[in-house]
1. Compute the Cα gyration tensor for segment A:23-127, then decide on rounded, prolate or oblate, letting a ≥ b ≥ c be the square roots of its eigenvalues: rounded whenever a/c is under 1.5, prolate when a/b is larger than b/c in the other cases, and oblate in all that remain.
2. Within segment B:204-283, report the chymotrypsin sites (Phe, Trp or Tyr not before Pro) that DSSP leaves as loop and that have at most 15 other Cβ atoms within 10 Å.
3. So how tilted is helix B:205-214 from the main axis of chain B? Cα-based, degrees 0 to 90, rounded to 10.
4. Looking only at segment A:161-205, which residues have a backbone nitrogen under 20 Å from a spot 7 Å from the Cα of A:Asn33 in the C-beta direction?
5. Taking the Cα-to-Cβ direction at B:Arg270 and at B:Ile3 and moving 7 Å from each Cα, how far apart do the two end points lie in nm?
6. Just round it to a whole percent: the fraction of Cα-Cα distances in segment B:2-300 exceeding 37 Å.
7. Sequence gap at least 6, Cα distance under 8 Å: using those rules, report the relative contact order of segment B:187-313 to the nearest whole percent.
8. Evaluate the relative contact order of chain B (contact order divided by residue number), counting alpha-carbon pairs under 8 angstrom at least 6 apart; express in whole percent.
Amino acid sequence: MKKLFLTLFLIFCTLSHVFARPIISGISTNEINIDTNFNGTKILLFGAKGDAGNIIVAVRGPKKNFIVTKKQKLLGVWYNGKRIIFKDSFSYYSLFSTFDDNRVTNHLLSQLELGTNNLKFNTNENNANENNEFQLQLVNKLERDKLYSTGANKIEFLDETLFKVILNFPKTISRGVYTVEIYLINEDDLVSFQSIPIYVNQVGIGADISDYAYQQPLLYGLLSVIIALVIGWIANYLFVRFIGK
Amino acid sequence: MQIYLPIAEIPVNVLVILMLGLATGLLAGMFGIGGGFLATPFLMFIGISPAIAVSTSANQIISASASGLLAHLRKGNVDIKMGIFLMIGGFIGSTLGVSIFRILQKAGQIDIVVGITYVLFLGSIGVLMLIESVKVIVKRKYDLSFEEEAKTNENLRFQKFLNKLDNLPFKVFFPKSSISISALVPIILSIGIGILVALMGIGGGFLMIPAMIYILRMPSNIVVGTSLFQIIFIASNTTFLQAITNHTVDIVLAFLMIVSSAIGAQIGTRLGYKINADKMRTFLALLLLAVCLKMFWNLFTTPAGLYVIEILK
């Protein structure tokens, strides 16, 4: 792993001087495999910038529909009260920048959905207060789970042109295609943009079973029933045979 | 030793699940009940979502019941004709139950409905059983009889109710049990129990057995076998429907429980002959009440987070 980073680093050192492009970058791997022992992982991003301006690195995970339910009390019993569905929201969102103030909002950042305040959430509900309340809970939960980090992630510079960012993926990430976006922004202009995909796959028997349950529910259901019947029969047979009635 | 459950999407301790399966199997073998009433709440206590706990228990019940049924078939203690009538009602009931389950799950209220149903049924059955078994123990010890005086009125009313049942049309004769009763009675009875099977993830034995004795008036020696016979079909129907409509059967979890409960059921059947039945019944009643209290407590305690966030599938 260390060797890989070193090679990458060296490649960028050379590249950054050979090509006069405004920004260039690469990552240590394009693939994350989730197996039963998966406990989160880190990916290293290296880059070099050749022009003036601020860098923003944003990583977005596959879109999901989230349900946020508020617990309510009736006669002392807790039940599920109001629920709001947030459609097509990023399941992972991580932002790094060279801005001093991460909460900076301008037209460009808002358009590109860069930063906590600029993320757009879609619901079918019209009550703005309630939407904000539930959305805040959703973002807080995702931040607690380390799936969202939109706060004060600074980009580390190794010298004047070279920078590195460590991307953190917790163990609860969803599978799908993630995109790493690297922006170079000067004042209000987008100088350069680069996008790198990361493929998150689920591997191993657990993933196969879960796929099978959703794609072949008929066979899965039959199989569950048959396994139960056969094991019940085998247990009875073995006991009668070896232990007696 | 941890294992990751692919559908429940959480890791669980294999040994805990095996012990749970063994315990439910023991109960199944000793009392002819599926043990689902114990397995489902326990799975919920260790953090498996109610929807998955209910469906996976239904799957486990199949094996415990199949294992027990074979033993009863060998002894000829099964009224297959009655079993088929109960099965028809059970199919209708459990299919209805799975649809109700689906509606409640979509509305996000399945957790609380499962919780309340458990508290009501476990509470009432547990109290009735406890009273019954304490009475038996006291009677044995002090040679008292306090049954006859108060009960005559109630008995009369119950007798009238039974007479009404006997007057219903579509009378069928069941040679094995040597009873003659309207086909509507077992069918309607098993529809009701079938709904509960799907909602609670239980076999329904602890409801079906008393109903068979008191309402259908079947001879007690063939009640357990016949109950197991119809439970297999109802639990199979429930498992299958839950798998295709709600995707809530976790085959890995079910497998661990199936293996251990099949073994437990065999041990239980053999232990059943040796252990003092009255004391065991008291123990079972206390167990029911303990689970009921825990479920009751969960309904009223303030949840850790006031907001629940889930990914819609």
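A short reminder: the numbers here are calculations on the coordinates, not readings from a lab. Every value quoted in this text rests on a predicted model; they were computed, and no experiment measured them. No Cβ is skipped: glycine too gets one built from the backbone with ideal geometry, and neighbour counts run over all protein chains shown.
1. Values: a/c = 3.06, a/b = 1.61, b/c = 1.90.
Oblate is the answer for segment A:23-127, as a/c is 1.5 or above yet b/c matches or exceeds a/b.
2. Numbers: sites: B:Phe206, B:Tyr214, B:Phe229, B:Phe233, B:Phe240, B:Phe255, B:Tyr273, B:Phe283; in loops: B:Tyr273.
Loop-located and lightly packed - B:Tyr273.
3. The angle comes out at about 10 degrees.
4. Only A:169-178, A:197-205 fall inside the zone, counting backbone N under 20 Å.
5. Between B:Arg270 and B:Ile3, the simple spin-label model gives 2.4 nm.
6. Numbers: 5895 of 44551 pairs.
In whole percent, the share of Cα-Cα pairs in segment B:2-300 beyond 37 Å is 13.
7. Working: 34 pairs, mean separation 18.1, N = 127.
Relative contact order for segment B:187-313 comes out at 14 percent.
8. On the way: 480 pairs, mean separation 126.2, N = 313.
Computed value for chain B: 40 percent relative contact order.
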